1. Among Thr16, Thr44, Thr68, which one shows the highest mean-square fluctuation when the chain is modelled as a Gaussian network with alpha-carbon springs under 10 Å?
2. Give me the percent of the accessible area of the chain that comes from carbon and sulfur atoms, probe 1.4 Å, all protein chains in place.
3. Under a plain spin-label model, where a point goes 7 Å from the Cα along Cα-to-Cβ, how far apart in nm are Ala53 and Cys67?
4. List nothing, just return the count: lysine pairs in the chain, 8 or more apart or interchain, with Cα separation under 14 Å.
5. Quick one: 3J(HN,Hα) in Hz for the range 36-47, Karplus 6.51/-1.76/1.60 with θ = phi - 60°, rounded, Gly and Pro as x.
6. With the dipole of the range 6-69 worked out from charges on the C-beta (+1 for Lys and Arg, -1 for Asp and Glu) around the Cα centre, which of Phe9, Ala53, Cys41 lies farthest toward the positive end?
7. Keeping every protein chain present and rolling a 1.4 Å probe, give me the accessible area per residue for the chain in Å².
8. Spelling out what I want: for every residue of the range 65-71, take phi, set θ = phi - 60°, compute 6.51 cos²θ - 1.76 cosθ + 1.60 (Karplus), and round to whole Hz; glycine and proline get x.
Amino acid sequence: MTTASTSPFAVLNQTTATSFNEQKNLIKRVFKGKPVQCPSCKQTLKVILPEQAKAEQAAGIYCAKGCTDIELDMEAVAGL
């Protein structure tokens, strides 16, 4: 019998929560205007706003190589 702390689902939940929090903190730093590097290639991340987005690329946070590709739903804040 396995305990909740050693079950595969507990490990998956912890990994997912950690990843979510890291991504959330990265987004916060970018929107505060601080230069943030891609965790993989160390290139500076850039923000693509809805006005700048092209048909093949949605609004979000990206690095030049494509390692970091965070698509953001900007419709919720468009009216503010």
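1. Thr16
2. Values: 3460 of 6270 Å².
The nonpolar share, carbon plus sulfur, comes to 55 percent.
3. 2.5
4. Pairs that pass both the separation and distance tests number 6.
5. Residue by residue, the range 36-47 yields 10, 9, 4, x, 8, 9, 6, 7, 5, 7, 10, 9 Hz.
6. Of the listed residues, the answer is Cys41.
7. Values: 6270 Å² over 80 residues.
Heavy-atom accessible area per residue stands at 78 Å².
8. 7, x, 4, 9, 9, 10, 7
The values are calculated or read from the model by the stated rules, or taken from the named source; none is laboratory data. Everything numeric in this text was worked out from a predicted model, so none of it was measured. So basically every Cβ, Gly included, is an ideal-geometry build from the backbone, and we count neighbours across all protein chains shown. Side chains included, ligands, DNA and RNA excluded: accessible areas come from the protein's heavy atoms. Shrake-Rupley method; radii C 1.70, N 1.55, O 1.52, S 1.80 Å.
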